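Below you'll find the structure, written out as C-alpha cells, and then a few comments.
We did not get these values from a lab; they are worked out from the coordinates using the rules stated. Just so we're clear, the structure is a prediction, and the values are computed from it rather than from any experiment. FYI the Cβ positions are ideal-geometry reconstructions off the backbone, even for glycines, and counts take in every protein chain you see.
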Amino acid sequence: MSRIGKSPIIVPPGVTVRKENGFIFVKGPKGEVMRKVSDSEILINIQDSLVEIKPAGSGHAAMRLWGTYASHLRNMIHGITEGYEKILEIEGIGYRAELQAGRLSLNLGFSNPVLVEPLEGVIFQVNKNIITVSGIDKERVGETAACIRALKKPEPYKGKGIKYRGEIILRKAGKKAAAATG
C-alpha cells in the first residue's frame, strides 16, 4: 500500500484538474501543465476539490505507479499555484552570467561564451553571480538547473564553478599542504 497514494489530494480554490484522452491537465493562476497517465494501471477520480488516485488492479506495476502519480499530481498543483525555482551561484575569477534575449550567456573560462536556451516554461534571472531558474514544471526547472551546473561543476581545490545555493563543496588539500604533512 502506498502511503502517498492513499491520502486524497486537495485542490486549492482557483485550480482546476481534468482528465481527458489519457492526459491529466492542471490549470491555475500561473498557467497549465499536463502529464500523460497510464489508464490501464491507475484510476483517477476527480470531485469538486478532491482528487483520489487508486490502482486499477492489484498488479505490481499498478502498485508501483500509485504513489508516483500522486506525487506528480501534487507537484503539478504546487507548480501552478506557487511555482518552483532553483538558485545557482557562480564562483571564480572571470566567470559571469548575463541574459541575452531570454537566453543565458555564460563566460566560464572557455574560448567562447556558452549560450543556454531555456526549456518551454522556464525563465532565467541573473543578479551578479547568482542565476535563478524558475517555472511551473518541477522537472523542467530541475533539468535546466542541472544542465547549467554540468557546464562547469565546482572543482574541489578552489571551489570554482557553478553550484546550487547551499551546496557544500568538500575541499581537498593542495600540494603545499600535502608536502608539509608528509
Check which residues have an amide H placed less than 5 Å from I42's amide H, if you skip close sequence neighbours.
A56
Stick to Cα atoms and the Kirkwood definition of Rh, then tell me Rg/Rh for the chain.
1.13
Positive-end residue of Q47, G31, W66, charge dipole of the stretch 15-66 with Cβ unit charges:
G31
Angstrom value of the Kirkwood radius, inverse mean 1/r, which spans all Cα pairs in the stretch 3-81
12.5 Å
GNM on the chain, C-alpha springs below 10 Å: top fluctuator among A56, A70, A146?
A56
Residue-normalised 222 nm signal for the chain, counting each DSSP H run of n ≥ 4 as -39,500 (n - 2.57), nearest 500 deg cm²/dmol, is -8000 deg cm²/dmol
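Suppose R0 equals 25 Å. What FRET efficiency, 1/(1 + (r/R0)^6) with r the Cβ-Cβ distance, do N21 and R103 give to the nearest 0.05? Could the numbers behind the result be given before it?
Working: r = 34 Å, r/R0 = 1.35.
E(calc), rounded to 0.05, equals 0.15.
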Work out from phi, with θ = phi - 60° and the Karplus expression 6.51 cos²θ - 1.76 cosθ + 1.60, the ³J(HN,Hα) of each residue of the stretch 159-176, listed in order in whole Hz, and give x for Gly and Pro.
x, 6, x, 10, 9, 6, 5, x, 6, 9, 9, 6, 8, 9, 6, x, 5, 5
HN-Hα J couplings of the stretch 81-96 from phi, Karplus 6.51/-1.76/1.60, θ = phi - 60°, integer Hz, Gly and Pro as x?
9, 10, x, 10, 8, 10, 10, 10, 10, 9, 10, x, 5, x, 7, 7
Running a GNM on the chain with Cα contacts under 10 Å, which residue among V114, V122, V33 ends up with the highest mean-square fluctuation?
V114
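Give me the net charge of I80's neighbourhood, meaning all other residues with Cβ under 10 Å from the Cβ of I80; Lys, Arg count +1, Asp, Glu -1.
On the way: positive: K27, K30; negative: E32, E82, D137.
My count for the surroundings of I80 gives -1.
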Where in the chain is the longest stretch that carries no trypsin sites (Lys or Arg not before Pro) classed as loop by DSSP and with at most 16 other Cβ atoms within 10 Å?
31-127
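Once you mark the GluC sites (Glu not before Pro) that are in a DSSP loop and have at most 15 other Cβ atoms within 10 Å, what is the longest gap between them in the chain?
On the way: sites that count: E82, E120, E167.
Of all site-free stretches, the longest is 1-81.
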Helix 138-151 axis, angle to the chain major axis (alpha carbon atoms, nearest 10°)
20 degrees
Dipole in debye (nearest 20) - the chain, about Cα centre, beta carbon charges: Lys, Arg +1; Asp, Glu -1:
920 debye
